[in-house]
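Colleague: There's a structure below that I have some questions on.
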Amino acid sequence: MCDDIQDIHDYYDNAIDNEDARLERHQLERDLTWRYFSEYLPPGGKVLEVGAATGGHTLWLAQHGWEVVAVDLSEVQLARLHDRLEKSGLSKRVDCRSGDARSLQTVPETDFDAVLLMGPLYHLVLAEDRQQALHQAIFRLKPGGILMSTFISRYGILGDLLKNIPDWIEDQVEVHSLIEVGYDPQHYPRGGFRGYFAKIAEIAPLHEAAGLKTLVVAGVEPAISADDESYNHLEGRQRQLWLDLLYAASLEPSLIASSRHILYIGRKPIGG
């Protein structure tokens, strides 16, 4: 493990309420991700979720029949997840463990039907750390198993920055570093949200170099950029019709990189 990620640990220890509400703010990302879960995860399988946080995906997985081992760097986040599981009566379906995606020392099992990395890869700034996390995940995956991971798009995030922190553009050193290498300048003080912002062209090759067969690369916020509200207020049949259309659009190459979050789905080859 190369990078000291204590600042990321501390950030999530102090962002528990924000993390609890994240998927409610970003409902299209949530709905499309869950649709891909339904389509690609084996029914009733055993899932390793690395970066589970407070359980935005975990509870949905448990409610829909999956057995989950939920791992997170932050024990504070895991405590909130445990409370939510107890209140929903799902604690028997989820095993919560603390751990670093780059080592997974608390997860000795190698028999998972699927592994989810729905956040760690966009917090690991160094390429070797992302590669290590992938290798650890794939090692724990059954041959023929599914791996899903998410990235923040280097260009897709610009709409969010423009909407929410427009004065970011004034720090041209940071702007050029993000565009050129995908993260803040190395000499910048750590704190807050520190991450790696990927180009779409690097995502499939990263996973394929680790031994996976690529099935899907999709944008899970196609066509809306930072405009969550226009989707969030939809209801009933109209919401379902928009979801159907945007699900189809999530695979459109001209839209994928403009989504804030990019979803990768791959399979571990039989005998791999």
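Colleague: Among M148, M118, which comes first, second and so on when ranked by fewest other beta-carbon atoms within 10 Å?
Modeller: With the sparsest Cβ surroundings first, the list reads M118, M148.
Colleague: Something else about it: Got a sec to turn the phi values of the range 185-192 into Karplus ³J(HN,Hα) couplings, 6.51 cos²θ - 1.76 cosθ + 1.60 with θ = phi - 60°, whole Hz, x for Gly and Pro?
Modeller: After applying 6.51 cos²θ - 1.76 cosθ + 1.60, I find x, 4, 7, 5, x, 7, x, x Hz.
Colleague: Still on this structure, please answer the following. Could you size up the charge dipole of the range 59-217 around its Cα centre, putting +1 on the beta carbon of Lys and Arg and -1 on that of Asp and Glu, and report it in debye to the nearest 20? All intermediate terms of the calculation are to be shown ahead of the outcome.
Modeller: On the way: 16 positive and 21 negative charges, 95 e Å.
Using Cβ point charges on Lys, Arg, Asp and Glu, the range 59-217 gives about 460 debye.
Colleague: Next question, about the same structure. Regarding the range 16-55, what is the average projected area of its C-alpha convex hull, in nm²? All intermediate terms of the calculation are to be shown ahead of the outcome.
Modeller: Values: hull surface 12.8 nm².
Quarter of the Cα hull surface area: 3.2 nm².
Colleague: Between E229 and I169, how high is the FRET efficiency from 1/(1 + (r/R0)^6) when r is the Cβ-Cβ distance and R₀ = 22 Å? Nearest 0.05. If you can, show how the numbers build up before the last one.
Modeller: Numbers: r = 23 Å, r/R0 = 1.03.
E between E229 and I169, to the nearest 0.05, is 0.45.
Colleague: Follow-up question, since we're still on this one. Going Cα to Cα from K268, which lysines come in below 18 Å? Please leave out same-chain ones fewer than 8 positions away.
Modeller: Qualifying lysines at Cα under 18 Å: K46, K142, K213.
Colleague: Turning to a different aspect of this structure: Report, in cubic angstrom per residue, the convex hull volume of the C-alpha atoms of the range 134-215.
Modeller: On the way: hull volume 10.4 nm³, N = 82.
Taking only Cα atoms, the range 134-215 has a hull volume of 127 Å³ per residue.
Colleague: What number comes out for the charge environment of S98, summing +1 per Lys or Arg and -1 per Asp or Glu over other residues with Cβ under 9 Å away?
Modeller: Values: positive: R97; negative: D72, E75, D100.
Taking every Cβ under 9 Å from that of S98, the sum is -2.
Colleague: Something else now. Only bridges whose two residues both fall in the chain count here: according to DSSP, what percent of them are antiparallel, nearest 5? It would help to have the intermediate numbers written out before the result.
Modeller: Details: 13 of 34 bridges.
Antiparallel bridges: around 40 percent, rounded to the nearest 5.
Colleague: Using the Cα gyration tensor of the range 68-114, with a ≥ b ≥ c the square roots of its eigenvalues, what is the shape: rounded (a/c below 1.5), prolate (a/b larger than b/c) or oblate (neither)? Can you show the working numbers first?
Modeller: On the way: a/c = 3.20, a/b = 1.37, b/c = 2.33.
It comes out oblate by the Cα gyration axes.
Colleague: Local charge sum around G55 (other residues, Cβ-Cβ under 15 Å, Lys/Arg +1, Asp/Glu -1)?
Modeller: With Lys, Arg at +1 and Asp, Glu at -1, the net is -3.
Colleague: What list of ³J(HN,Hα) values in whole Hz, one per residue of the range 28-35 in order, does the Karplus curve 6.51 cos²θ - 1.76 cosθ + 1.60 (θ = phi - 60°) give from phi, with Gly and Pro shown as x?
Modeller: 5, 3, 4, 5, 5, 4, 5, 5
Colleague: Right, here's the next one. Counting only other residues whose beta carbon sits under 14 Å from that of E75, what net charge do I get with K and R as +1, D and E as -1?
Modeller: Values: positive: R80, R97; negative: D10, D13, E19, D72, D83, D100.
Around E75, the charge tally is -4.
Colleague: Let me ask something additional. Based on Cα positions only, what radius of gyration and what Dmax would you give for the range 115-272, in angstroms?
Modeller: Cα-based Rg and Dmax for the range 115-272 come out at 16.9, 52 Å.
Colleague: Would you compute, for the Cα atoms of the range 32-171, the largest minus smallest coordinate along each principal axis and list the three values in descending order, in whole Å?
Modeller: 49, 35, 30
Colleague: Which whole-percent values make up P(r) of the range 217-263 when all C-alpha to C-alpha distances are grouped in 5 Å steps starting at zero?
Modeller: Spelled out per bin, shortest first, that is 5, 25, 29, 25, 13, 3.
Colleague: What residues qualify as long-range amide H neighbours of G51, i.e. H under 5 Å apart, gap of 5 or more or another chain, H built at 1.01 Å from N?
Modeller: V71, D72, L73
Colleague: Ok, one more. Using Cα centres only, tell me the gap between the range 252-269 and the range 102-130 in whole Å.
Modeller: Going from one Cα centre to the other spans 18 Å.
Colleague: Using alpha carbons only, what's the Rg to Rh ratio of the range 1-101 with Rh from Kirkwood?
Modeller: Numbers: Rg = 13.6 Å, Rh = 14.0 Å.
With Rh from the inverse mean 1/r over Cα pairs, Rg/Rh is 0.97.
Colleague: At 25 °C and 0.890 mPa s, what whole-number value in µm²/s does Stokes-Einstein give for the translational diffusion of the chain, with Rh from the Kirkwood sum over Cα pairs?
Modeller: Numbers: Rh = 19.0 Å.
D = 129 µm²/s.
Colleague: To two decimal places, what compactness ratio does the range 125-166 give when its Cα radius of gyration is scaled by 2.2 N^0.38 Å? Mind showing how you got there, number by number?
Modeller: Numbers: Rg = 15.3 Å, N = 42, 2.2 N^0.38 = 9.1 Å.
Here the Cα radius of gyration is 1.68 times the empirical estimate.
Colleague: Take the alpha-carbon centre of the range 21-38, take the same for the range 162-226, and report the distance between them in whole Å.
Modeller: Each part's Cα centre sits 19 Å from the other's.
Colleague: Right, here's the next one. Using a 7 Å offset from the Cα along the Cα-to-Cβ direction at both Q238 and W34, what is the distance between the two label points in nm, to one decimal?
Modeller: 2.0
Colleague: On a C-alpha basis, how far is the centre of the range 229-247 from the centre of the range 46-84 in Å? Whole number, if you could?
Modeller: If we compute the Cα centre of each part, the gap is 26 Å.
Colleague: Still on this model: Using C-alpha positions alone, give me the convex hull volume of the range 174-251 per residue in cubic angstrom. Don't skip to the end; give the middle numbers.
Modeller: Values: hull volume 11.5 nm³, N = 78.
Taking the convex hull of the Cα positions in the range 174-251, it is 148 Å³ per residue.
Bear in mind that the values in this text are calculations on the coordinates, not laboratory data. Bear in mind that the values here come from a model prediction, so they are computed numbers and not experimental data. Neighbour counts are summed over all protein chains in view; Cβ atoms, including those assigned to glycine, are modelled from backbone coordinates with ideal geometry.
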